[in-house]
Amino acid sequence: MAELTIVLIVSIVIVFVVLLLAVLTTSKAYTIKHTVDPDPIENNPYMKNSEEKNGK
């Protein structure tokens with residue numbers, strides 16, 4: 001019976017540690033400011049030339 005109690009306590013501690021790490025990782029991810037790259041089609045001179053030729 002004592003072994004079962006030890007295994008249960010260790011399992012619960014592991015679950016709480018994993019939960020804590022997941023919460024910390026998620027909260028840190030939300031603090032990072034993500035940027036979006038500009039649209040490559042708008043900045044591509046070759047695409048602008050092909051659109052002019054196609055009449056767009």
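Just so you know, all these numbers are worked out from the coordinates, no wet-lab data involved. From a predicted model like this one, the values you see are computed outputs, not experimental measurements. Quick reminder, even Gly has a Cβ in these numbers, built from the backbone with ideal geometry, and neighbours come from all protein chains shown.
Can you run phi through the Karplus equation (6.51, -1.76, 1.60; θ = phi - 60°) for region 30-36 and list ³J(HN,Hα) in whole Hz, with x for Gly and Pro?
Karplus values, whole Hz, x for Gly and Pro: 6, 7, 7, 7, 8, 10, 10.
Could you sort 24-35, 2-13 so that the peptide with the highest average Cβ count within 10 Å comes first and the rest follow in order?
Highest mean packing first, the order is 2-13, 24-35.
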